[in-house]
Amino acid sequence: MKALIVYHTKTGHTKDAADAIARGLKEKGVDPTIKTAASTSAIEVEDYDILLTGTPTYATTMYKGPAKAVAKFLDSLKPSALKGKYAGAFSAYAASGGEKVVASTEHILEGLGATVVVGGPAVKAGAPLSLWQGPAVTDPDLKKCEEFGRKVAETAS
């Protein structure tokens, strides 16, 4: 079984979460590939059983959905592109809104036909309204990400 983890980040925190989720997937025998949203084409999704999307939570997208790069990637998928696949979402946030962005992204994935593993992690990291890297993702949050990877793998198998 193969998983594609597509993410966007400016400070590296969402990538840290993606790496932790990949570790959880690997523990359960799933082969993960991690790519940025900007470098991933819609056609690549066909080769995977699982699609996980990660986005930072910005003040401009706090309650609306994923960052523009991830939204653009998801918009490039055909309406039934994820039929028969499993999917999930995760987010990194500095102030608030991470859980709402995860839920909004899960809704988009469901609309694309995926079986969504709900409850993806929202991890706190960074500095509000800043491109300064700020505090890193904490070990407890990284463990939540690893657990989510295991949960997705178990659900999909």
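Only the coordinates and a few stated rules stand behind these numbers; no lab work does. Quick caveat: nothing in here was measured; it's all calculated off a predicted structure. Neighbour counts run over all protein chains shown; Cβ positions are idealised from the backbone, glycine included.
Descriptive notes on the structure:
- Other-chain or far-sequence residues with amide H under 5 Å of Val123's (modelled H): Ser91, Ala92, Tyr93
- For the pair Glu110 and Lys64, label points projected 7 Å from Cα toward Cβ lie 2.2 nm apart.
- When each of Lys2/Lys28; Lys2/Lys35; Lys100/Lys143 is checked by Cα-Cα distance, pairs over 18 Å: Lys100/Lys143
- Using the Karplus relation 6.51 cos²θ - 1.76 cosθ + 1.60 with θ = phi - 60°, the per-residue 3J(HN,Hα) values for the stretch 36-46 come to 6, 4, 5, 9, 10, 9, 4, 5, 5, 4, 4 Hz, with x marking Gly and Pro.
- Once C-alpha pairs closer than 8 Å and six or more residues apart are averaged by separation and normalised to the residue number of the chain, the relative contact order reads 28 percent.
- R0 of 25 Å, Cβ-Cβ distance Lys35-Lys143: FRET efficiency to nearest 0.05: 0.60
- 17 Å cut-off, amide nitrogen to a point 7 angstrom out along Ser157 Cα→Cβ, residues in the stretch 12-38: 21-33
- Amide hydrogen proximity for Val30: with H placed 1.01 Å from N in the peptide plane, no residue at 5 or more positions away or on another chain lies under 5 Å.
- Taking amide hydrogens as placed 1.01 Å from N in the peptide plane, the amide H of Ile5 sits under 5 Å from those of Thr33, Ile34, Lys35, Leu52, each at least 5 positions away in sequence or on another chain.
- Descending by average beta-carbon neighbour count within 10 Å, the peptides 32-42, 106-116, 88-98, 144-154 line up as 88-98, 144-154, 106-116, 32-42, the highest first.
- Percentage, to the nearest whole number, of Cα pairs in the chain over 19 Å apart: 45
- In the stretch 1-82, the chymotrypsin sites (Phe, Trp or Tyr not before Pro) that fall in loop regions by DSSP, at most 13 other Cβ within 10 Å: Tyr63
- Assigned charges on the beta-carbon of Lys, Arg, Asp, Glu; the stretch 2-156 dipole about Cα centre (debye): 260
- Using C-alpha pairs under 8 Å with a sequence gap of at least 6, the mean separation divided by the residue count of the stretch 16-100 gives a relative contact order of 35 percent.
- Computed E for Asp49/Asp75 - FRET, C-beta separation, R0 22 angstrom, nearest 0.05: 0.50
- From helices alone, the chain scores -11500 deg cm²/dmol at 222 nm; the rule is -39500 (n - 2.57) for each run of n ≥ 4 DSSP H residues, then divide by the residue total.
- Antiparallel %, DSSP beta bridges [both residues in the stretch 2-156], to 5: 0
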